[in-house]
Structures are given as structure tokens and as C-alpha cells.
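Single-structure report; data block below.
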Amino acid sequence: MAQKSANLYARIEPDVKEQAESILSALGVPASNAINMFYKQIILTKGIPFKVALPATKPLVLSELSEAELSEELEKGYADMKAGRVKPAKEVFASIRKKRSK
């Protein structure tokens, strides 16, 4: 095994660092090992080892919608409700809380 003697300094958003390190800790993987694995995957794939792309759709910002766009979104929601494409609020909020606690 190669000796680990090179240092890497990177600026990371504190919240991102905290969340990632929490997950790595639960997995039993030190951050330095995860970074080493990431770099090895870059070498193996000769690029970033995951897809880097903008989301197909961006989240809606109500304050940026015109009155017509807001009406259209409300109509979509109403159509979903009538078609039974709904989930109980408790289930949705539990899912959100579960994702945040990970």
C-alpha cells in the first residue's frame, strides 16, 4: 500500500462538510479515506465518477411565477388530487424529516 503523505486543503461549506462527515461516520469511513477513494475513482474513470448535470427541472419559486403560471401550477395540483395522486401530509413530512436526519 502506498504511503499517505500528501496533504489536501479544500474549502467546503460547513453544512455540506457536517452532513457528509455524519454519513461517512455512520458508514465507518474516515473522510480522508473517502477522499482517497474519490481520487482513485477519478483515475480509474479518467473523469468525475458520477454524472454532473443540472436538474431537468428547477424548483418553483412562487414569488417568481406570474399569475398565469401560478394558476397553471394550482390546476396541476387540483388535477393530481382528483386523480388520486396524493400522499397524506404525515407521510410526506415524515419522509422529509427522515432525509434531513440522515
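The values are calculated or read from the model by the stated rules, or taken from the named source; none is laboratory data. All values reported here derive from a predicted model rather than from experimental measurement. Every residue, glycine among them, receives a Cβ derived from its backbone with ideal geometry; neighbour counts consider all protein chains shown.
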*Could we say that residue 72 is free of Cβ contacts under 8 Å to residues at least 24 places away in the same chain, over 22 Å from the mean Cα position of the chain (by Cα) and more than 30 Å from residue 7 (Cβ to Cβ) here?*
yes
*asked:* Please go through (1) part of a helix (DSSP H, G or I); (2) more than 20 Å from the chain's Cα centre (by Cα); (3) modelled with pLDDT under 95 for residue 42 and return the number of the only condition it doesn't satisfy.
replied: (3)
*Considering only the range 1-53, state which residues are in contact with a Lys or Arg (Cβ under 9 Å, 6 or more places away or on another chain) and surrounded by fewer than 10 Cβ atoms within 10 Å (Cβ to Cβ).*
26
